[in-house]
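The values are calculated or read from the model by the stated rules, or taken from the named source; none is laboratory data. Worth saying up front: this structure is predicted, and the values here are computed from it rather than measured. Here the Cβ positions follow ideal geometry from the backbone for every residue, glycine too, while neighbour counts run over all protein chains shown.
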Amino acid sequence: MSRLWNVDKIFEIIKKINKQGMTILLVEQNANAALRLANTGYVLETGRVIMHGNAEALLKNPQLKTAYLGDG
């Protein structure tokens, strides 16, 4: 069983739990994966919230894309 499969499986389980109405706090370094799964996102830098909002909007934010998502 590969490490990647484990991460994918965990994200599947989180998605199922959330669909059942459970709120989940997920702390994840993979911002792309986390924001694709989330409704709301918070971006932390050195322990401070520097950006927050709708996860879909954060994924489209040019500053966030350049700094954290590897786009740009």
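If you filter region 18-46 down to residues that are at pLDDT 90 or above and of a type in the set (S, T, N, Q), you find that the one that is surrounded by the most Cβ atoms within 10 Å (Cβ to Cβ) is Asn18. Figure legend. Inter-residue proximity from region 48-66: first residues in a strand (DSSP E or B), second residues not small (Gly, Ala, Ser), beta-carbon distance below 6 Å, spacing 6+ or different chains. Indicated pairs: Val49/Tyr42; Ile50/Val43; Met51/Val43; His52/Tyr42. Within region 47-57, is there a residue that is modelled with pLDDT under 90 and not aliphatic (A, V, I, L, M)? The answer is no; no qualifying residue exists.
Hey, can you tell me all the residues within region 1-44 that are closer than 14 Å to Leu69 by Cβ and either of a type outside the set (A, V, I, L, M) or not in a helix (DSSP H, G or I) (or both)? Across region 1-44, the qualifying residues are Glu28, Gln29, Asn30, Asn32, Arg36, Ala38, Gly41, Val43.
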